[in-house]
1. Angle check, please: helix 229-240 long axis (alpha carbons) against the longest principal axis of the chain (alpha carbons), in degrees 0 to 90, nearest 10.
2. Suppose only helical runs count, i.e. DSSP H with n ≥ 4. What mean residue ellipticity at 222 nm does that imply for the chain under -39500 (n - 2.57) per run, divided by all residues and rounded to the nearest 500 deg cm²/dmol?
3. Where the eigenvalues come from the Cα gyration tensor of the chain, what are the semi-axes √(5λ) of the equivalent ellipsoid, largest first, in whole Å?
4. If pairing requires two Cys Cβ atoms under 4.7 Å apart, which cysteines of the chain are left without a partner?
5. Pop out the ³J(HN,Hα) list for the range 59-74 in order, Karplus 6.51 cos²θ - 1.76 cosθ + 1.60 with θ = phi - 60°, rounded to Hz; leave Gly and Pro as x.
6. Which entries of 53/151; 97/128; 95/130; 35/133; 159/194 show an alpha-carbon separation above 20 angstrom in the structure shown?
7. Please list the equivalent ellipsoid semi-axes of the range 37-183, computed as the square roots of five times the alpha-carbon gyration tensor eigenvalues, in descending order and whole angstrom.
8. Starting from the amide H of residue 3, placed 1.01 Å from N in the peptide plane, find each other amide H under 5 Å away whose residue is 5 or more places distant or on another chain.
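The values are calculated or read from the model by the stated rules, or taken from the named source; none is laboratory data. All values reported here derive from a predicted model rather than from experimental measurement. Heads up, the Cβs are rebuilt from the backbone with ideal geometry, glycines too, and the neighbour counts pull from every protein chain shown. Keep in mind that these areas ignore ligands, DNA and RNA; they rest on the heavy atoms of the full protein, side chains included. Shrake-Rupley method; radii C 1.70, N 1.55, O 1.52, S 1.80 Å.
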Amino acid sequence: MARKALLISPELCIGCRGCQTACKGWNQLPAEKTKNTGSFENPADLTPIVFNKIRYVEVPSEKDPVRWLFVSQRCMHCDDAGCMKICPAPGALYKTKEGAVAFNKEKCIGCKLCVAGCPFNVPRYDAKDKISKCNLCEDRIAAGLEPACSKTCPTGAIKYGERDSLIGGSKKAGFAKVYGDTDLGGLGSIYAFKDSPKLYGMEENPQIPESIVFWHKVLKPLAYWGVGGAVAASLLHYVVIGPHKDDEEVKKDG
Ligand code: SF4
Ligand code: SF4
Ligand code: SF4
C-alpha cells in the first residue's frame, strides 16, 4: 500500500484550533486546566491528553506590530522512528500499513525510553505510565475515514493523502523542499514551509541520539536472546539516561 501522510501548510493556518478540538473529540480526550502564559497559544505543550496542538509564534514585522505564525505540533510518524528503535517491549509501538506509528497501551511497560529516542519530544505518559500520543487516527483510517484533524481543518492547512502525491503537489506549487521529505527515512507528518522551519521552532536536520542507535544495534538483540524485556530495559535505561537515583539522591544533587 502507498504510504500515507499529513501535509501541513502553515501559511494556510489561521490558528482556529479546530484540529485540536476535533482530535480531542474523536479520541475522547478530556479538557484540562491551563494557565495564561502571556500567549494565545493554549495549551503550552503536548500532554497525555493533547495529541495535536497549534504552536503560536510571534515574529517582528515591518507592516504590522507583530506577525503571527501558526504550526501544528504532533507525532511526525517517522519512517526511521527513534521511539520504535529503543522500545524494549515488543508490540508496544508498531507501524500501521499506512505508515503511522501507533501504540498498544496494554503492551507498554512504562519505561519511558521512547521519550529519549524521539528527536521531536513527542511521547507523553498517562496517569498509569502508559505512552500517549497521536496515532494518526488509526481507527478512523481503518474505517475508511481520514484523520479527525485534517477532516476538520477549514482552510486545507492539514491535508491527508498519499505521501508521494502530497509531496509532488507541494513541489508543483513552488515549494522546493518539503520538511520531512527525506529526514529520518521520511516523515509521515510533512510540512510545506514558506519561511525557514527554524522560525516555527522546528528542528533542522533532526537526528536520533547516538545512544539510541547503539542500543538498537548492540543491546536490543539481548531482549530476543532470552534476556527479559525488564532486564533489557534496565540496561538500556542505564546506557541512555544514566544510573537510577532515589528521591533522596536527586534532592542532594539538586
Ligand atoms: S515523532 Fe517521535 S514519537 Fe513520533 S514516530 Fe517519530 S520518534 Fe516516534
Ligand atoms: S491524526 Fe488523529 S490523533 Fe493525530 S492529531 Fe490528528 S486527530 Fe489527533
Ligand atoms: S484547523 Fe486548520 S486552520 Fe485551524 S488551527 Fe488547525 S491547522 Fe490551522
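1. 70
2. After summing the helix terms and dividing by residue count, I get -6500 deg cm²/dmol.
3. Values for the chain, descending: 32, 22, 18 Å.
4. 13, 16, 23, 78, 87, 108, 111, 118, 137, 153 - these cysteines have no disulfide-compatible partner (Cβ-Cβ under 4.7 Å) in the chain.
5. Values, residue by residue: 10, x, 9, 6, 7, 10, x, 7, 10, 9, 10, 10, 8, 7, 10, 5 Hz.
6. 97/128; 35/133
7. 28, 21, 15
8. HN-HN under 5 Å from residue 3: 163.
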